[in-house]
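What follows is a set of notes on a single structure, which appears directly below.
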Amino acid sequence: MPPELYPPGAAVMAPIAGHTDIPFRRMIRRFGCRHAFTEMIDAGSLVFQGQKTLRLAQRGSDAGFLGIQLVGSDLPTLKRAAEIINDMDFDVLDFNLGCPAPKVARKCEGIRFALEDPDGAIRAFETLVSASRLPVTAKTRIQDESDPAPTVAFCRRLRDAGAKSITIHGRLMRNFYSGPVFYEIISAVRESLDIPVVANGGAMDGASFRTLLKKTGCSAGMVARGALGNPWIFREIADSSAPPPDVAEFTETIRAYMDDMLDCYGPEFAYVVARKSLLEFLRGRGYPGTLRASVSYLDSGDALKKLLDAVAEGPTERYLENLALHPESVERKLVRSHS
């Protein structure tokens, strides 16, 4: 088997459109993430040098291992995009054959490309391999919940086309990011290939990440939505006894994240861009709905200070009581500040 891109036990941060920008990646690295990706980047937008896309492809000075992920289907465009990336500072080029989002599926890209035009998807992958100076990997999904054969067959074609690693999300296209993860299909792919397979799906905390690796037999796993508003997942993965954040650490983490957002985007855009991430921080952690609603109107330093002051007051007593009595029922844990 060729050398693995990721060491055993690695927790790789998935490319997530609208989230995994420089401030987000800087935040998760503080909590132990060592391998991350840019947001998913449209190959055509990169070729035409769209300013927003060029921003997505920026690398922070403290980035460490960083991959870039492309989505697309047009062969000349993919070739040119790979050539552009050759002049950038990345560690791996990943091809998205797994995204189920309607705006991607409408163009017959992502997982729909793999399902409806597998020959074209393989040609597209071969185009990237031939044009790229970087190791090229693929991210895809299972194609059947009970029969591993279709997924295995497609992944073998990717291997034969030059894939150095394949990440597999253990859910069907129609299920998006909910429902059970079919570990056995990922495991069957791993057993059938002589290249590393990275398991993806359902890693919402340290325990579920370890379950993902155990049930698939994969040596590395990918974390996606479990890290949104929850950089502590990487601390939990590294140390099963790691405590959840207390209110003081939680508040300071949001403050540092917003400082980075302001540095990256400037005050004109930072507050608007950050809203969705701030909502993820507050989700499921016992803060009142009125506070969460206020995030949708965040637009100034004064509003941010007011938000942080409210966050520092901590979650409701009802949440804390439920956490004390039924900790297993609380997905996103937040405890009182240590005195």
- Message: Just to confirm my filter: which helices (runs of 4 or more DSSP H) fall fully inside the stretch 1-114 and include at least 3 residues that are closer than 16 Å to V223 by Cα and at pLDDT 95 or above?
- Response: 22-30
- Query: Has the stretch 238-245 got at least one residue that is assigned to a loop (DSSP other than H, G, I, E, B), among the hydrophobic types (A, V, I, L, M, F, W, C) and closer than 16 Å to R283 by Cα?
  - Reply: no
- Message: Checking the structure you have, find out if any residue of the stretch 196-214 is part of a loop (DSSP other than H, G, I, E, B) and more than 17 Å from A14 (Cβ to Cβ).
- Response: no
- Pair list, Cβ under 9 Å, 6 or more apart: the stretch 117-135 residue surrounded by fewer than 22 Cβ atoms within 10 Å (Cβ to Cβ), other residue of a type in the set (S, T, N, Q) and in a loop (DSSP other than H, G, I, E, B): D117/S73; G120/S73; A131/N86; R133/N86; L134/N86; P135/S165
- Take the stretch 1-60 and flag every residue that is free of Cβ contacts under 8 Å to residues at least 40 places away in the same chain and on the phi > 0 side of the Ramachandran plot. Q49
- Message: Can you tell me which of (1) surrounded by fewer than 23 Cβ atoms within 10 Å (Cβ to Cβ); (2) more than 21 Å from the chain's Cα centre (by Cα) is the one V189 doesn't meet?
- Response: (1)
- Note on the structure: Expected single match for surrounded by 21 or more Cβ atoms within 10 Å (Cβ to Cβ), of a type in the set (G, A, S) and at positive phi among G98, G162, G110 is G110
- Of the residues in the stretch 141-184 that are in contact (Cβ under 8 Å) with a residue 60 or more places away in the chain and in a loop (DSSP other than H, G, I, E, B), the one that is nearest to the chain's Cα centre (by Cα) is F176
- Note on the structure: Those residues of the stretch 281-297 that are more than 17 Å from Y319 (Cα to Cα) and exposed (fewer than 15 other Cβ atoms within 10 Å of the Cβ) come to a total of 3
- Item | Candidates I233, I195 - the one that is crowded, with 21+ Cβ neighbours inside 10 Å, of a type in the set (A, V, I, L, M) and in the same structural domain as R30 (by TED's automatic domain parsing) | I233
- Query: How many residues does the stretch 292-326 hold that are in contact with a Gly (Cβ under 7 Å, 6 or more places away or on another chain) and touching a residue at least 60 places away in the same chain (Cβ under 8 Å)?
  - Reply: 1
- Item | Top-ranked residue in the stretch 236-280 [being under 17 Å from the mean Cα position of the chain (by Cα) and within 25 Å of G9 (Cα to Cα); ranked as surrounded by the fewest Cβ atoms within 10 Å (Cβ to Cβ)] | E236
- Do you know which residues across the stretch 213-254 are in contact (Cβ under 8 Å) with a residue 40 or more places away in the chain and of a type in the set (S, T, Y)? T216, S219, T251, T253
- Note on the structure: Quick count over the stretch 300-339, residues being of a type outside the set (V, I, T) and not in a helix (DSSP H, G or I), is 13
- Query: Can you name every residue in the stretch 1-20 that is buried (at least 23 other Cβ atoms within 10 Å of the Cβ) and touching an Asp or Glu at 6+ places or on another chain (Cβ under 7 Å)?
  - Reply: P15, T20
- Query: Which one is farthest from V12 (Cα to Cα), of the residues in the stretch 185-195 that are in a loop (DSSP other than H, G, I, E, B) and of a type in the set (A, V, I, L, M)?
  - Reply: L193
- Just one of F234, F269, F281, F250 is modelled with pLDDT under 95 and part of a helix (DSSP H, G or I); which is it? F269
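The values are calculated or read from the model by the stated rules, or taken from the named source; none is laboratory data. All values derive from a computational prediction rather than experimental measurement. Virtual Cβ from ideal backbone geometry, glycine too; neighbours counted across all protein chains shown.
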